[in-house]
Structure formats: structure tokens, C-alpha cells
Amino acid sequence: FRSAGVKYFNPVVAEWNEEAQRNEVDHATTDSVIIMAITGETSGIASMAELGWQAASVESQGRAMVIFLEDMPNDLKDETGASLRINKVRALIRKYIQEHNSVTIKLASSLEDAANQAVLMMELMGGV
């Protein structure tokens, strides 16, 4: 983003507090392009729920969103030893995004692809 001259906000901070929460809400509701990246390092249940309302919000407001959903390791188990079926949920979300074929919501194949798509969307929207 820096090389493209793009200002950006990353909500991942060392200490999550009220100021960080307000900052995230401000960016989530006003930025022209949102990248939502859920990597295989997190179960991301809350993030996947957030993804839904964020996608509906950006689409209804004429903003744009790039989504990167990485699968988790297949051998992941919960505290009882039961297999987590998180990847099934991620696959369903990816399938829905592809079938929805939105002009303003795109699916990325990697974090680098997400960044490239976001910059392209900003350029198309006149923001870079």
C-alpha cells in the first residue's frame, strides 16, 4: 500500500480497548475500500460474522470490499477433541461470493492479491 501511496488502517493492535474499537468502527463505516482477511491462524467465527454485515454495508453504500479467506489446518480440534468444521463454512462463504458476482465485493486468492485488488478498486473509484 505504501508503494501505491495508499493510506490504510489495520485494526490488529497490541491492546484492544475502547479507542481501538471506535477507530475500527470509524474505518469500517467510512473507508471506500475494505480488505477483510481471515487467515488460517484463527478460527475467525466472529470475523466471519463481521464479514457478512460489512459486505452488506459496503455494497449498500457503494463502497468496495476485498475478502481473503484462508482455510485452517484440517486436523484442528476443539477442546473436546471434536473436529472443527470451520473450513466448510469458509468454503460456503467463498462459493456465495463467487456466485453473487458483485461488482464491489471481490474474493482474493492471497493477501498479496487482496492488496492488489484493493489498490485497483481505489484507482477505479478515483481514490488513488
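The values are calculated or read from the model by the stated rules, or taken from the named source; none is laboratory data. Source: prediction; values computed, not measured. Positions of Cβ are generated from backbone atoms using ideal geometry, with glycine treated the same way; all protein chains shown enter the neighbour counts. Surface areas here come from the heavy atoms of the whole protein model, side chains and all, with no ligands, DNA or RNA. Shrake-Rupley method; radii C 1.70, N 1.55, O 1.52, S 1.80 Å.
Note on the range 1-53: residues that are open to solvent by less than 60 Å² (accessible area, probe 1.4 Å), assigned to a helix (DSSP H, G or I) and out of contact with any strand residue (DSSP E or B) (no Cβ under 6 Å at 6 or more places or on another chain) total 7. Selection over the range 54-77 of residues that are of a type in the set (Asp, Glu) and part of a helix (DSSP H, G or I) gives a count of 1. With respect to Ile97, determine if the residue is under 13 Å from Met65 (Cα atoms) and part of a helix (DSSP H, G or I). So Ile97 passes the test.
Yes/no per residue for (1) free of Cβ contacts under 8 Å to residues at least 40 places away in the same chain; (2) among the basic types (Lys, Arg):
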position: Ile38; (1), (2): no, no
position: Ser43; (1), (2): no, no
position: Glu50; (1), (2): yes, no
position: Ala56; (1), (2): yes, no
position: Ser60; (1), (2): yes, no
position: Arg63; (1), (2): no, yes
position: Glu70; (1), (2): yes, no
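Does Ser60 qualify as being farther than 15 Å from Met121 by Cβ, open to solvent by 80 Å² or more (accessible area, probe 1.4 Å) and at pLDDT 90 or above? Taking the combined requirement at face value, the residue satisfies it.
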